[in-house]
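Here the structure is laid out as structure tokens; the discussion comes afterwards.
What follows is calculated from the coordinates using simple rules that are stated; it is not laboratory data. Everything numeric here is computed off the predicted structure, so don't read it as measured data. So basically every Cβ, Gly included, is an ideal-geometry build from the backbone, and we count neighbours across all protein chains shown.
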Amino acid sequence: GVLASALAMDKTRAKAVLAAAGVTVPGGGLYDRHEAAAGHVLPPPYVIKPNAEGSSVGVFIVEAGANSPPEAIASEAWSLGDQVLVEPYIPGLELAVGVMDGRAMMVTEIVPATGFYDYAAKYAEGGSLHILPARIPAEATERALRMAEAAHAALGCAGVTRSDLRYDDVNDILVLLEVNTQPGMTPTSLVPEQAAAMGVTFDQLVLWMTEDAHARGHAGRIVG
């Protein structure tokens, strides 16, 4: 719905809701972009991202030992909002979990071809390798599934969502980065791949999504 999507898109508010629901999220905070560009607001390595963008647009990883933050966030050409979210960098694996009708689907491990899961890695053919199921311990898999379900519920989501997580496999730390309320539905997208692995074809997935949305919309009109 609109409210859940608006909440999920505001990364800072969504993190507060998820943390209150017991979901492990990264630390850090919201900063004016000029302040974040003037000097390190967190010890490197850390991540800078717009507070309300998707598809890894405007995301920077400030490496350990970096002398200064990226100048681009203070540029006049920057059009992604005056506040940026700065979070500690979580080393390890990039994971994704689809949730369909409140139930977690599977855990996908994502290996970007470029070393960073950026826009090109997400949408270009061959931009990343998707390993399904993820090569992580069974306990970590179960934890990721339950975290995605809890996040889906905490934000008031319905239909299909995708949670993005990072797993520090050395220290066994699992962190949920964000929830996508309108996950990608392209040939290289994660949710359709997970559905296919569960025996649900792309056509069946789309049909279920539309029928589910219609049923909820119809119920809402009756209640209203």
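Being touching a residue at least 60 places away in the same chain (Cβ under 8 Å), closer than 30 Å to residue 208 by Cα, under 19 Å from the mean Cα position of the chain (by Cα) and surrounded by 15 or more Cβ atoms within 10 Å (Cβ to Cβ) is the requirement here; does residue 110 meet it? So residue 110 fits the description; yes. Within the stretch 53-84, the only residue that satisfies the criterion of being outside any loop (DSSP other than H, G, I, E, B) and in contact with a Leu (Cβ under 6 Å, 6 or more places away or on another chain) is 83. For the stretch 150-203, filtering for residues that are among the β-branched types (Val, Ile, Thr), buried (at least 24 other Cβ atoms within 10 Å of the Cβ) and either in a strand (DSSP E or B) or free of Cβ contacts under 8 Å to residues at least 24 places away in the same chain (or both) leaves 3. The number of residues in the stretch 63-107 being buried (at least 18 other Cβ atoms within 10 Å of the Cβ) and over 19 Å from the mean Cα position of the chain (by Cα) comes to 2. Residues in the stretch 10-33 that are in contact with an Asp or Glu (Cβ under 8 Å, 6 or more places away or on another chain) and not basic (Lys, Arg) were compared, and the one that is farthest from residue 153 (Cα to Cα) is 32.
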